[in-house]
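I have placed the structure first, in the form of structure tokens, so that the comments after it can refer back to it.
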Amino acid sequence: MGNNLVVIIPQCAERAKSARLREVLAHTIGDNPPEEIIETAEQLHPLQGKRILFAIVLGSSGINLEYYRMLKQIRLDQHIFDDCLGALLVDGKSELYTKYIARELVLAANMAGCSFIGRPLVEGTASLANFHIIAQLRNLDAHGAYLWAAQDLLSRLLQETRKHQGTRQLLTLHASNKTTSNTYALWKMVKKHVHDINIQEISLWDKEINDCAGCSYETCLHFGSQGSCFYGGTISEDVYPALETCTDLLLLCPNYNDALSAYLTAFINRLTALYLKQRFYDKNIYAIIVSGYSGSDIIAGQLIAGLCMNKSFFLPARFCLMETAHEPGSIQKISGIENIAANFASIIIKSH
Ligand SMILES: Cc1cc2nc3c(=O)[nH]c(=O)nc-3n(C[C@H](O)[C@H](O)[C@H](O)COP(=O)(O)O)c2cc1C
């Protein structure tokens with residue numbers, strides 16, 4: 001029986017640059033040889049139902065030209081990864097760019113049909129300083145921690161078998177003015193088509209919400225273990241309990257200065273206390289994103305990094321609906337918007 005594993009490793013013209021990644025990969029794969037290894041854009045082809053480990057090496061410029069040739073193909077074929085499940089290794093020769101490339105690749109692959117496990121990224125910056133906590137916790141050096149994290153990633157990718165039993169609970173979080181917001185209006189169109197799922201909506205609009213205070217690990221753990229956070233209030237009294245029982249989380253995200261709004265950013269930052277108590281691997285994350293002009297992909301990237309990569313939510317294929325509308329009410333004027341909304345509802349219903 002095959003393991004359905006495909007490794008996509010865009011080749012680097014200077015072979016020496018990829019030596020560390022290839023060593024990590026060889027150690028990681030060990031007894032699980034992949035069905036296929038894809039190294040060039042020409043070799044890339046539709047991969048239905050596979051488990052994909054993307055392995056990207058970046059030079060000090062943060063650019064790998066073969067990766068960009070593949071990215072182009074992925075963006076042009078919206079079904080190239082239908083029903084696939086992904087995770088990724090990114091190895092850099094700089095302290096920068098590894099996360100940037102990971103966000104970009106996850107969004108493109110997700111739009112082309114690939115789901116991603118929670119915490120799908122293992123990155124090695126040039127110094128491997130990003131491994132200092134894992135190294136401390138596991139009593140390893142940074143290189144050993146890198147090998148451990150990559151192996152853990154592959155086993156989580158190969159073992160993922162989640163399927164929700166029973167009725168699903170969708171928690172919709174927003175901070176919009178219900179009467180004027182295009183983002184909220186789009187949610188109302190989607191909601192009409194979401195059947196057989198219980199929906200709970202929480203508005204953060206006009207609430208007093210503090211951003212994370214950055215307490216010490218011990219303090220955060222202390223409050224988190226009691227299902228609370230240093231500040232208390234709506235986040236710990238209303239949002240935490242709803243989050244603990246939901247199977248799916250949907251965020252309504254207007255683009256504010258090419259970023260999430262302050263309320264939603266505070267919510268994600270304040271999730272840390274709950275995250276120390278429990279992981280969210282079995283909860284799906286979705287988003288409806290509306291920009292007045294452009295930049296919805298930046299918001300999608302922020303959600304991928306904050307909630308899937310850092311906070312362990314599962315990223316279902318085509319997790320976000322992105323539209324452009326500015327004047328209040330103009331979302332309704334987008335051609336075919338009712339069908340687009342119904343289609344997004346069916347994505348939510350089908351992913352479990
Ligand atoms: C504070 C603020 C900042 C905004 N920044 C951007 C922006 O950077 N880019 C953009 O395309 N639209 C921007 N917009 C426009 C909204 O994204 C737009 O109105 C869209 O319809 C979503 O907002 P809504 O759901 O509140 O209607 C901004 C709006 C506000 C209020």
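The values are calculated or read from the model by the stated rules, or taken from the named source; none is laboratory data. Just so it is clear, the model here is predicted, and its values are computed rather than measured. Glycine gets a Cβ as well: all are built from the backbone with ideal geometry, and neighbour counts include every protein chain shown.
The criterion of at least 3 residues that are in contact (Cβ under 8 Å) with a residue 12 or more places away in the chain is met, among helices (runs of 4 or more DSSP H) falling completely within the stretch 88-203, by 98-111, 142-159, 182-191.
Selection over the stretch 42-86 of residues that are in a helix (DSSP H, G or I) and closer than 16 Å to GLN11 by Cβ gives a count of 9.
Check the stretch 124-140 and report whether any residue there is small (Gly, Ala, Ser), over 25 Å from TYR217 (Cβ atoms), away from the ligand (no atom under 16 Å from the Cβ) and loosely packed, with under 15 Cβ neighbours inside 10 Å. Walk me through it before giving the result.
First, pick out the residues of the stretch 124-140 that are small (Gly, Ala, Ser): 124, 126-127, 129, 135.
Subset that is over 25 Å from TYR217 (Cβ atoms): 126.
Checking which are away from the ligand (no atom under 16 Å from the Cβ) leaves us with 126.
If we keep only those that are loosely packed, with under 15 Cβ neighbours inside 10 Å as well, we get none.
Scanning the stretch 124-140 turns up no residue that is small (Gly, Ala, Ser), over 25 Å from TYR217 (Cβ atoms), away from the ligand (no atom under 16 Å from the Cβ) and loosely packed, with under 15 Cβ neighbours inside 10 Å.
Restricting attention to the stretch 326-343, the residues that are within 16 Å of the ligand (Cβ to nearest atom) and not acidic (Asp, Glu) add up to 11.
Do the conditions hold for LYS277, that is, is it out of contact with any Phe, Trp or Tyr (no Cβ under 8 Å at 6 or more places or on another chain), surrounded by fewer than 20 Cβ atoms within 10 Å (Cβ to Cβ), in the same structural domain as ALA242 (by TED's automatic domain parsing) and without any contact (Cβ under 8 Å) to a residue 12 or more places away in the chain? Before the answer, list the steps.
Details: out of contact with any Phe, Trp or Tyr (no Cβ under 8 Å at 6 or more places or on another chain): yes; surrounded by fewer than 20 Cβ atoms within 10 Å (Cβ to Cβ): yes; in the same structural domain as ALA242 (by TED's automatic domain parsing): yes; without any contact (Cβ under 8 Å) to a residue 12 or more places away in the chain: no.
When the stated conditions are applied, LYS277 does not pass them.
For the stretch 211-223, check the following and say yes or no: at least one residue is of a type in the set (S, T, N, Q), within 16 Å of the ligand (Cβ to nearest atom) and part of a loop (DSSP other than H, G, I, E, B).
First, the residues of the stretch 211-223 that are of a type in the set (S, T, N, Q): 216, 219.
Those left that are additionally within 16 Å of the ligand (Cβ to nearest atom): none.
Among the residues of the stretch 211-223, not one is of a type in the set (S, T, N, Q), within 16 Å of the ligand (Cβ to nearest atom) and part of a loop (DSSP other than H, G, I, E, B), which makes the answer no.
PRO10 fulfils the conditions (1) within 12 Å of VAL90 (Cα to Cα); (2) surrounded by fewer than 21 Cβ atoms within 10 Å (Cβ to Cβ) except for a single criterion, (2). Among the residues examined, GLU323 qualifies as modelled with pLDDT of 95 or more, under 19 Å from ASN110 (Cβ atoms), charged (D, E, K, R) and within 16 Å of the ligand (Cβ to nearest atom). The residue that is surrounded by the fewest Cβ atoms within 10 Å (Cβ to Cβ), counting only those in the stretch 234-274 that are within 16 Å of the ligand (Cβ to nearest atom) and part of a helix (DSSP H, G or I), is ALA262. Restricting attention to the stretch 283-315, which residues are β-branched (Val, Ile, Thr), away from the ligand (no atom under 16 Å from the Cβ) and assigned to a strand (DSSP E or B)? ILE285 - this is the single residue of the stretch 283-315 that is β-branched (Val, Ile, Thr), away from the ligand (no atom under 16 Å from the Cβ) and assigned to a strand (DSSP E or B).
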